[in-house]
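Input: a single structure, listed below in structure tokens.
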Amino acid sequence: MKNWFGTGSRYSFEMLGTSHIIMLFIFTIILFGIALASKWLHTHYHGRQVVRFSLLVLLLLSEISYQVWASVNGVWSLAGHVPLHLCGIASLIGIYTLITYQPTLIKINFFIGILPALIALITPDVPFDFHHYRFWKFFLHHMAIPWTSLFLVVTSSVRITWKDMTYSYLLLLGYALIIGFFNPLLGSNYLYLEHPPTVFTPLSLMGDGMIYYLNLAATAFLAFAFMYGFYKLGSRIKLL
């Protein structure tokens, strides 16, 4: 147990290794399952509630256990363990919105909760394999975030418009400006505004300096536009 919940492990994570592929498979099956079961979720109250509170518990346990892990192992810091990354914000919004079903937050979470977590799952910044807590926290958390984002859309009556996409994007830019101010003060790299992650991700191709920020802004807009297109397609074929 000490090794499983400690700070180290002799089992290193392997990108696209067996455990990674299995988790991606599970994520994909459940994500498409939520979309395909949208009508069933609408008409079966008890089934919908089971999924709703399962996602809520999964997000809460992920957030709380990570803070406990960092504190117990003496590694907690403002610079690295506050949920200020985009996935962390999507997780917190998801927790609150699973409880309240606030329409505006459902729309915002749809745009920020799916693609960033999907990219993180494909190029995970996790040091250890399934023998360690960090593996399970990372994958279960980053799978639950987009599951929640999609679940909230398919089980609510919200209709997402281009205006909602633009509004969400402007909120993200405003949030990035705030985080950009605090990152140097905290010595942090929230939203990866200081530099890309240590593992290779699409952010690694964004360039340096002002070009990096312009590419981040442009990529975020394209990602939001893609999600809007995905929503319109899902609505047309009666999945969303």
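The values are calculated or read from the model by the stated rules, or taken from the named source; none is laboratory data. In this text, all values refer to a predicted model and were calculated from it rather than measured experimentally. All Cβ positions, even for glycine, are placed from backbone atoms using ideal geometry, and neighbour counts span all protein chains on display.
Under 6 Å between Cβ atoms, which residue pairs at least 6 apart in sequence (or on different chains) link something in the stretch 1-23 that is in contact (Cβ under 8 Å) with a residue 12 or more places away in the chain and under 10 Å from HIS131 (Cβ atoms) with a partner that is assigned to a helix (DSSP H, G or I) and of a type in the set (Phe, Trp, Tyr)?
What qualifies is TRP4/TYR133.
Could you list, in sequence order, the residues of the stretch 26-39 that are assigned to a helix (DSSP H, G or I) and either in contact with a helix residue (DSSP H, G or I) (Cβ under 7 Å, 6 or more places away or on another chain) or farther than 13 Å from SER156 by Cα (or both)?
Result: ILE26, PHE27, THR28, ILE29, ILE30, LEU31, PHE32, GLY33, ILE34, ALA35, LEU36, SER38.
Looking only at residues that are surrounded by 11 or more Cβ atoms within 10 Å (Cβ to Cβ) and hydroxyl-bearing (Ser, Thr, Tyr) in the stretch 13-39, which one is farthest from ILE114 (Cα to Cα)?
SER19
Answer with yes or no whether SER188 is buried (at least 19 other Cβ atoms within 10 Å of the Cβ) and not in a helix (DSSP H, G or I). It would help to see each step written out before you state the result.
Working: buried (at least 19 other Cβ atoms within 10 Å of the Cβ): yes; not in a helix (DSSP H, G or I): yes.
When the stated conditions are applied, SER188 passes them.
Looking at SER91, SER65 in this structure, which one is within 27 Å of PHE181 (Cα to Cα) and not aliphatic (A, V, I, L, M)? Give the steps one after another, and end with the answer.
Numbers: SER65 fails: within 27 Å of PHE181 (Cα to Cα).
That would be SER91, the only listed residue that is within 27 Å of PHE181 (Cα to Cα) and not aliphatic (A, V, I, L, M).
Would you mind stating whether GLY113 is at pLDDT 95 or above, among the small types (Gly, Ala, Ser) and under 19 Å from the mean Cα position of the chain (by Cα)?
Values: at pLDDT 95 or above: yes; among the small types (Gly, Ala, Ser): yes; under 19 Å from the mean Cα position of the chain (by Cα): yes.
Spelling it out, GLY113 is indeed at pLDDT 95 or above, among the small types (Gly, Ala, Ser) and under 19 Å from the mean Cα position of the chain (by Cα).
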